[in-house]
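K.L.:
Starting off with a structure, shown below.
Since every read-out is calculated from the coordinates, none of them should be taken as a lab result. Fair warning: this is a prediction, and the values are worked out from it, not measured in the lab. Backbone-built Cβ (ideal geometry, glycine too); neighbour counts: all protein chains shown.
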Amino acid sequence: MRWVLIVLAVAGIVASSLALREHYRTDASPCSINERWDCGIVNHSPYAVFHGVPVAVIGIAGYLLLGVLAFGKAYPWMLPLVTVALVFAIHLADIEKFVLGVWCVYCVISLGVITLMTLLVIGQVIADAMQRPRRSYS
């Protein structure tokens, strides 16, 4: 499980890095597919910054931390982090759909990555808990 989560963390870092590149890009976005899919519009919007920090930077840092925790098999520590990250990613997807009306390919990839990581971590934490020997208090 560790290596699957590390590979997913690397995929998240790549997606977030590409989104960060779009955030600072001044020319036309190469992922401007049509009026519904345009990373440039999303990453230049006011919602692409959280307390002065580009959301993509937060994503890179978060995926890096999750990758380190996965390497150390610290799944219980990962659980609250992936849960918060998933809620934040869903919030950003809601903004894309309901406020901006435009989707970012990199953001959708990141949402898929964090969703999969969350499900895998939940499964691993449950599996680990089921394998622990039960203590007898008699």
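K.L.:
Find the eigenvalues of the gyration tensor of the Cα atoms of segment 82-138, then list the square roots of 5 times those eigenvalues as equivalent ellipsoid semi-axes, largest first, in whole angstrom. If you can, show how the numbers build up before the last one.
P.N.:
Numbers: eigenvalues 270, 24, 5 Å².
Gyration-tensor ellipsoid for segment 82-138: 37, 11, 5 Å.
K.L.:
Taking Cα atoms, how many degrees apart are the long axis of helix 55-71 and the longest axis of the chain, rounded to 10 and kept between 0 and 90?
P.N.:
Compared with the principal axis, the helix lies near 20 degrees.
K.L.:
Pick from ALA74, ALA127, ALA61: which is most flexible by mean-square fluctuation in a GNM of the chain where alpha carbon atoms under 10 Å apart are linked?
P.N.:
ALA127
K.L.:
Given springs between every Cα pair under 10 Å in a Gaussian network model of the chain, which of ASP27, ASP128, ASP38 has the largest fluctuation?
P.N.:
Top of the fluctuation ranking is ASP27.
K.L.:
If we restrict to alpha carbons, what Rg and Dmax does segment 8-47 come to, in Å?
P.N.:
Considering segment 8-47 through its Cα atoms, Rg and Dmax are 10.6, 30 Å.
K.L.:
Could I ask something else about it? Quick one: what are the phi-derived ³J(HN,Hα) couplings along segment 97-107, Karplus 6.51/-1.76/1.60 with θ = phi - 60°, whole Hz, x for glycine and proline?
P.N.:
Computed from phi, the couplings for segment 97-107 are 6, 9, 9, 7, x, 9, 10, 10, 4, 5, 5 Hz.
K.L.:
Say we join alpha carbon atoms closer than 10 Å with springs in a Gaussian network model of the chain; which of ALA56, ALA28, ALA93 then has the biggest fluctuation?
P.N.:
Result: ALA28 has the largest fluctuation of those listed.
K.L.:
Of VAL68, ILE126, TYR47, which is farthest towards the positive pole of the chain's charge dipole, taken about the Cα centre with +1 and -1 on the beta-carbons of Lys, Arg and Asp, Glu respectively?
P.N.:
About the Cα centre, the residue reaching furthest to the positive side is ILE126.
K.L.:
If you don't mind, there's one more thing I want to ask. Check each of the trypsin sites (Lys or Arg not before Pro) in segment 1-91 and keep only those in coil by DSSP with at most 11 other C-beta atoms within 10 angstrom; list them in order.
P.N.:
Values: sites: ARG2, ARG21, ARG25, ARG36, LYS73; in loops: ARG25, ARG36, LYS73.
Here the sparse-neighbourhood loop sites are ARG36.
K.L.:
Output the Cα-based Rg and Dmax of the chain in Å, rounding Rg to one decimal and Dmax to a whole number.
P.N.:
Spelled out, the Cα radius of gyration and Dmax of the chain are 17.3, 71 Å.
K.L.:
Please determine, in degrees from 0 to 90 and to the nearest 10, the orientation of helix 75-94 with respect to the longest principal axis defined by the Cα atoms of the chain, where the helix direction is its Cα long axis.
P.N.:
Tilt relative to the chain: about 30 degrees.
K.L.:
Which order do peptides 4-10, 29-35 fall in by mean Cβ count within 10 Å, highest first? All intermediate terms of the calculation are to be shown ahead of the outcome.
P.N.:
Working: 4-10: 17.6, 29-35: 12.9.
Result, highest mean first: 4-10, 29-35.
K.L.:
Dipole magnitude of segment 2-129 about its Cα centre, charges +1 at Lys/Arg Cβ and -1 at Asp/Glu Cβ only, in debye to the nearest 20? Before the final figure, lay out each step's value.
P.N.:
Values: 6 positive and 7 negative charges, 57 e Å.
Result for segment 2-129 is approximately 280 debye, rounded to the nearest 20.
K.L.:
Search the structure for amide H atoms under 5 Å from the amide H of TRP103, placed 1.01 Å from N in the peptide plane, and list their residues when 5 or more places away or on another chain.
P.N.:
Answer set, sorted by chain and number: TRP37, ASP38.
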